[in-house]
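First the structure, in the form of structure tokens, and then the observations on it.
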Amino acid sequence: DAGVTQSPTHLIKTRGQQVTLRCSPKSGHDTVSWYQQALGQGPQFIFQYYEEEERQRGNFPDRFSGHQFPNYSSELNVNALLLGDSALYLCASSLRTITSTGELFFGEGSRLTVL
Amino acid sequence: GDSVTQMEGPVTLSEEAFLTINCTYTATGYPSLFWYVQYPGEGLQLLLKATKADDKGSNKGFEATYRKETTSFHLEKGSVQVSDSAVYFCALTLLNTGTASKLTFGTGTRLQVTL
């Protein structure tokens, strides 16, 4: 049973460029959330997708956008990259109908460096 | 808004020492509380959880009790091992009916266990 998989694992971009990160959720999960983890900090919630729509959003600008596909996989897009966007981007999956635990399953992340 | 405060690390202990990592929270409503662990080179993993006041979560020798009166969820282990070396994150979520909810994380506490 594959867990949450993310790609690419590492990438380097320059300021002003755009980046797309990809995530495949754990088998059987239908909800994907994205988090940004700056060096030495805890993960910060970016947004959550299920049924191919953004359902919740954290305090991130519109440069951050996403998409969820019919197979539940997801993409995170960041436009007009800034140096401060350098971070580990984590994808987490869950099953929407779990009402009691709120437990998320995380991938290993995509480390983005903006030069 | 909701927040989690953890003791700053790094925490360095000898093997078989007693571990406490403090965590306090601020939340509107009644959160569920979690400890996640991030081993080197791996994704975040759920260590333990508690969903209501006075609940005790436990796993792999770690324990934490949900203390509503002190808004705390301190992580403890009676005898740490070298393999426990990792970064530990305290987190909370406010469950929304019918959806898997976002997590609010603390900044993490790095634990280093030596022989």
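Results, tabulated for the structure shown:
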{"quantity": "Per residue convex hull volume, Cα atoms of the range A:1-101, in Å³", "calculated": "112"}
{"quantity": "Long-range Cα-Cα pairs in the protein assembly as shown (distance over 33 Å), rounded percent", "calculated": "16"}
{"quantity": "Mean-position separation - Cα centroids, the range A:81-95 and the range A:17-61, in angstrom", "calculated": "7"}
{"quantity": "Net +/- balance of residues flanking B:Ser14 in space, Cβ distance below 14 Å, scoring K and R +1, D and E -1", "calculated": "-2"}
{"quantity": "Accessible surface, per residue, of the protein assembly as shown when the full set of protein chains is kept, probe 1.4 Å, Å²", "calculated": "47"}
{"quantity": "Shape call, the range B:34-112: gyration tensor on alpha carbons, a/c limit 1.5", "calculated": "oblate"}
{"quantity": "Positive-pole candidate from A:Gln48, A:Leu81, A:Cys91, dipole of the range A:43-115, charges at beta carbon", "calculated": "A:Leu81"}
{"quantity": "Relative packing of B:55-66, B:103-114, which averages over residues the other C-beta atoms within 10 Å, highest first", "calculated": "B:103-114, B:55-66"}
{"quantity": "Over 27 Å (Cα to Cα) - which of A:Lys26/B:Lys49; B:Lys56/B:Lys102; A:Lys26/B:Lys77 fall in this group", "calculated": "A:Lys26/B:Lys77"}
{"quantity": "Cβ-placed point charges (K, R +1; D, E -1), dipole of the protein assembly as shown about Cα centre in debye, nearest 20", "calculated": "300"}
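The values are calculated or read from the model by the stated rules, or taken from the named source; none is laboratory data. Since this is a predicted model, take the numbers as computed values, not measurements. Don't worry about glycine lacking a Cβ; one is built from the backbone with ideal geometry, like all the others, and counts go over all protein chains shown. Side chains included, ligands, DNA and RNA excluded: accessible areas come from the protein's heavy atoms. Shrake-Rupley method; radii C 1.70, N 1.55, O 1.52, S 1.80 Å.
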